[in-house]
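What follows is one structure encoded as structure tokens, with my remarks underneath.
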Amino acid sequence: MELKDLSGPARVVLHPAGYEFESVVGDDWEDNWLIIAGEVVSGEEEWSFRDPSLLVDDAIEIADWLERVAARLEEPTEVGESGDIDPSLAFTEPNLAFSVHNYGDDTAVIRVHLSAEALPPDRRGPNVDHIAEYAFWVEAEITLADAATAAATWRTELAAFPRR
């Protein structure tokens, strides 16, 4: 799935790359972690990540969220006084989260929040000051039709990784 800004270089590409554990161990939690491969462009920075980031059910929620955005049903989330945002879609593993900034006539400005292993390489690791969860995001204006297309693409990609 690709979320690309209409007027700038911002872009987030996400793909389910496999289960964290190839063998089923009979644990509902461990059996359903997905490795997510991401490519991100934000301003002049470009980076990629590949990390167990979502449970299968979490990944399905992204498609549901994008469909709500396409239908203008997802409420915009404002930046708080301290500069923080409480994303409308977040998960156990804080690598990815999502929020809507606002809607235009046939567009939505969405935020893909990145934390932990999904951050740019110069912002992760033990020698870097801790960055609060969801404090870093990439903003992209997309059409509502693109949100629906991204949801459909994501569902197609997820079909190879059913809940086990």
Fill in the blank from the handout: Farthest towards the positive end of the dipole of the stretch 2-158, among Ala151, Gly18, Val79 and with Cβ unit charges of +1 on Lys and Arg and -1 on Asp and Glu, lies the Cα of Ala151
Practice task
Calculate the dipole size of the stretch 2-158 relative to its Cα centre from +1 charges on Lys and Arg beta carbons and -1 charges on Asp and Glu beta carbons; express the result in debye to the nearest 20.
Solution key: 360
Handout entry: HN-Hα J in Hz across the stretch 54-59 - Karplus 6.51, -1.76, 1.60, θ = phi - 60°, x for Gly and Pro
Key = 9, 7, 3, 4, 4, 4
Practice task
Hey, can you grab everything whose amide H is under 5 Å from the amide H of Thr107? Only 5+ residues off in sequence or another chain; H modelled, so Pro and N-termini drop out.
Solution key: Leu144
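What does the helix-only formula give at 222 nm for the chain: each DSSP H stretch with n ≥ 4 adding -39500 (n - 2.57), the total divided by the residues, and the result rounded to the nearest 500 deg cm²/dmol? Don't skip to the answer; put the middle values down first.
Details: 2 runs with 30 residues, N = 164.
Theoretical 222 nm ellipticity from helices: -6000 deg cm²/dmol.
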Exercise for the section: Could you tell me the convex hull volume per residue, in Å³, taken over the Cα atoms of the chain? Expected result: 113
Problem - In order through the stretch 2-18: 3J(HN,Hα) via Karplus (6.51 cos²θ - 1.76 cosθ + 1.60), integer Hz, x for Gly, Pro - result: 10, 10, 10, 5, 5, 10, x, x, 4, 7, 10, 10, 10, 9, x, 9, x
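Output the relative contact order of the chain, whole-number percent, from Cα pairs under 8 angstrom with separation of 6+ residues. It would help to have the intermediate numbers written out before the result.
Numbers: 338 pairs, mean separation 42.4, N = 164.
Once normalised by length, the contact order is 26 percent.
Every read-out reported here was derived from the displayed coordinates using simple, explicitly stated rules and does not represent laboratory data. Because the structure is a prediction, the values reported are computed rather than measured. Methodologically, a virtual Cβ is constructed for each residue, glycine included, from the backbone with ideal geometry; neighbour enumeration extends over all protein chains shown.
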